[in-house]
Amino acid sequence: MLQLDSHPTGRHFLQIPGPSPVPDRILRAMSLPTIDHRGPEFGVLGRQVLTGIRQIFKTQHPVIIYPASGTGAWEAALSNTLSPGDHVLMYETGHFASLWQKMATRLGISTEFLAFNGTDEHLPLAAGWRRGVQADLIEARLRKDTEKKIKAVCVVHNETSTGVTSDIASVRRAIDAAGHPALLMVDSISGLASADFRHDEWGVDVTISGSQKGLMLPPGISFNAISPRALEAMKSAKLPRSFWAWDEIVEMNKDGYWPYTPNTNLLYGLSEALDMILGEGLDNVFARHQRWAAGVRAAVNAWGLPIQCADPAVYSPVLTGVITPEGVDADAVRRLIHQRFDLSLGTGLGKLKGRMFRMGHLGDSNDLTLVAMVAGVEMGLKLSGVKLAGSGVQATMDYFAGHVAPAALQKAA
Ligand code: PLP
């Protein structure tokens, strides 16, 4: 057993943007006995989760489930569709887009990293990390590629390092407007099941996702949703792959099995998560996260601190990044909040280290969990000597009190 120095009372506030707090219902489902992964019962479970997950991605086509973290599913997307030396267009929205680009380079893919070319008053060194993908830059670049050398366009849907989303439909329109055959690959590791996502309608060829964010599961499962064009590309793709290879998995998944040992208990959890999310309805799930995000942003605005996302059109419903005043180490504030109030916040990643922290509003949460998070942050900022313009707690309470949650309306009816 993990030995903790002390046993704090009450629940820890896990307010990082994933892994998100796991509902008790899912934890209980995962505590069922592990079964034979080649036996008949497993086939039923396998078929059930493989069918249900398609509804979450909004696709009619196969979704691969890997016993791996999201990073594995990134590699799977690239290695199943590309060949050594292939050229791909990626877009720098933040730390995770940068890690994906680094991975592609390590795999022997030639990458081109597009980025916002403007300036920013608060974060001059990371201006592009405050905005979403600009589809017009992608369109302009694809139009220049008359020889169609670019094999794929890779973008992150919800940049977890910044709290900025990107308009995926606009990227598809840009590719089509340029008349370009490049595949569209989208990382929706932290967007799926919290932010609107439509694999088929938006013409995405591979969507990559993970279990530990909107699906409210522990880490350990990741996904590739694949279009018929991506499956076709697989046939001529020459990057080495074995564990990640789609062909054998798709074949065995038809009966609900895998070519290797899947993580049975996490699949029990996935089955329960699908019941919960599809039972609530995806549109309600998205509206719930939008409302939570607006309540949390009300606090940041009341404090008078800049939100990491500089464009209100693409605020993330999953997390809010807060830029600390010059000279205030955001990680020191986080540490103090953790020590004093048993509340975990997300750290600033890469270029943002020490300059911002991230408040997660996803997973097993509700209005009062988020008011408590805001209270913990407000106390921590004050204790760190940050001058606040007003009370964020009051602003969040006012927002939630003034905007009735759809679930509460249903209860009252
Ligand atoms: N992409 C995004 C947008 C993420 O948020 C993360 C993890 O937080 C990853 C990729 C990497 O996934 P993992 O840490 O599960 O390997």
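The values are calculated or read from the model by the stated rules, or taken from the named source; none is laboratory data. Remember, predicted model here, so these are calculated numbers, not experimental data. For neighbour counting, all protein chains shown are included, and Cβ atoms are generated from backbone atoms with ideal geometry for every residue, glycine included. Surface accessibility is based on the protein's heavy atoms, side chains included, excluding ligands, DNA and RNA. Shrake-Rupley method; radii C 1.70, N 1.55, O 1.52, S 1.80 Å.
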Of all residues making up the stretch 221-254, the number that are of a type in the set (Phe, Trp, Tyr) and open to solvent by less than 20 Å² (accessible area, probe 1.4 Å):
2
Taking the stretch 108-122, which residues are in contact with a helix residue (DSSP H, G or I) (Cβ under 6 Å, 6 or more places away or on another chain), aliphatic (A, V, I, L, M) and part of a loop (DSSP other than H, G, I, E, B)?
Ala115
Within the stretch 321-404, helices (runs of 4 or more DSSP H) holding 1 or more residues that are within 21 Å of His289 (Cβ to Cβ), open to solvent by 10 Å² or more (accessible area, probe 1.4 Å) and among the aromatic types (Phe, Trp, Tyr)
392-402
Given the condition of a type in the set (Gly, Ala, Ser), within 16 Å of the ligand (Cβ to nearest atom) and either in contact with a Gly (Cβ under 9 Å, 6 or more places away or on another chain) or assigned to a loop (DSSP other than H, G, I, E, B) (or both), answer yes or no: does some residue in the stretch 73-92 qualify?
yes
Going by the conditions given, is Arg54 away from the ligand (no atom under 16 Å from the Cβ) and in contact with a strand residue (DSSP E or B) (Cβ under 7 Å, 6 or more places away or on another chain)?
yes
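Residues are listed down the side, and each one gets a yes or a no for (1) touching a Gly at 6+ places or on another chain (Cβ under 7 Å); (2) in the same structural domain as Val404 (by TED's automatic domain parsing):
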residue: Thr261; (1), (2): no, no
residue: Thr264; (1), (2): no, no
residue: Tyr268; (1), (2): no, no
residue: Glu272; (1), (2): no, no
residue: Ala287; (1), (2): no, yes
residue: Arg291; (1), (2): no, yes
residue: Ala294; (1), (2): no, yes
residue: Val300; (1), (2): yes, yes
residue: Trp303; (1), (2): yes, yes
Please work out if Ile189 is buried (at least 19 other Cβ atoms within 10 Å of the Cβ), away from the ligand (no atom under 16 Å from the Cβ) and either among the β-branched types (Val, Ile, Thr) or in a helix (DSSP H, G or I) (or both).
no
Being within 16 Å of the ligand (Cβ to nearest atom) and of a type outside the set (Val, Ile, Thr) is the filter here, so list the residues in the stretch 140-163 that pass it.
Cys154, His157, Asn158, Glu159, Ser161, Gly163
Being within 13 Å of the ligand (Cβ to nearest atom), surrounded by fewer than 20 Cβ atoms within 10 Å (Cβ to Cβ) and either modelled with pLDDT under 95 or part of a helix (DSSP H, G or I) (or both) narrows it down to one residue among Leu99, Leu125, Leu137; which is it?
Leu99
Going through the stretch 72-128 in order, the residues found to be hydroxyl-bearing (Ser, Thr, Tyr), under 23 Å from Ser236 (Cβ atoms) and in contact with a Ser or Thr (Cβ under 9 Å, 6 or more places away or on another chain) are Ser83, Thr105, Thr111
Under the condition of being loosely packed, with under 15 Cβ neighbours inside 10 Å and not basic (Lys, Arg), which residue from the stretch 9-26 is farthest from Arg340 (Cα to Cα)?
Asp24
